[in-house]
């Protein structure tokens, strides 16, 4: 599998890190496509993120053995820089959107699922700890487009990696949780 990394560079408590995984069955030759898929997702999230948040898709793409979690190779690609475009008052930095990835693949009676926390919410996207319906719909449209594009750009499909099971499973659906989420490791100290 291939792993791309996004680093959030501004805001209290940064840097934050998010990782994205792709099937990558074609090896490191698929690294440019993995960066392109991650960068396209980041482009699509800019209009849903406050304008004082800056993040970068890192140039290193790691090839990872799913069974062991060990890096077996690295490719250097072109880094992309992103910045939110939404003005207005940001919510506290600990308040984030939560993207839940579903695979429909079960091992030991449990579905392999993934999560991505997305920082940079503003006061127009959530009210009293609940994301607005329009925000949820906009995020869900971005997630659906990302899942469609990962196959068409040749990244081999977005996957969730289960390190405990040592397997990957292709993501078949992404859904935004309607509540504001808090990732404890991203709370400013």
Just give me the residues in the stretch 93-113 being under 20 Å from the mean Cα position of the chain (by Cα) and either free of Cβ contacts under 8 Å to residues at least 60 places away in the same chain or exposed (fewer than 14 other Cβ atoms within 10 Å of the Cβ) (or both), in sequence order.
-> 104, 111, 112, 113
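Looking at the stretch 53-65, is at least one residue modelled with pLDDT under 95 and surrounded by fewer than 19 Cβ atoms within 10 Å (Cβ to Cβ)?
Looking for residues that are modelled with pLDDT under 95 and surrounded by fewer than 19 Cβ atoms within 10 Å (Cβ to Cβ), one finds none in the stretch 53-65, hence no.
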Tally, over the stretch 14-39, of residues that are out of contact with any helix residue (DSSP H, G or I) (no Cβ under 6 Å at 6 or more places or on another chain) and either closer than 23 Å to residue 166 by Cβ or surrounded by 19 or more Cβ atoms within 10 Å (Cβ to Cβ) (or both) | 17
Counted residues, the stretch 120-150 - those being at pLDDT below 90, more than 25 Å from residue 54 (Cβ to Cβ) and surrounded by 15 or more Cβ atoms within 10 Å (Cβ to Cβ) = 0
For the subset of the stretch 151-186 comprising residues that are under 22 Å from residue 61 (Cα atoms) and in a helix (DSSP H, G or I), which member is modelled with the highest pLDDT?
-> 151
For the stretch 4-13, which residues satisfy the criterion of being part of a strand (DSSP E or B) and in contact with a helix residue (DSSP H, G or I) (Cβ under 8 Å, 6 or more places away or on another chain)?
-> 4, 6
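The values are calculated or read from the model by the stated rules, or taken from the named source; none is laboratory data. What you see is a predicted model, and the numbers here were worked out from it, not measured in a lab. With ideal geometry, Cβ positions are generated from the backbone for all residues, glycine too; neighbour counts draw on all protein chains shown.
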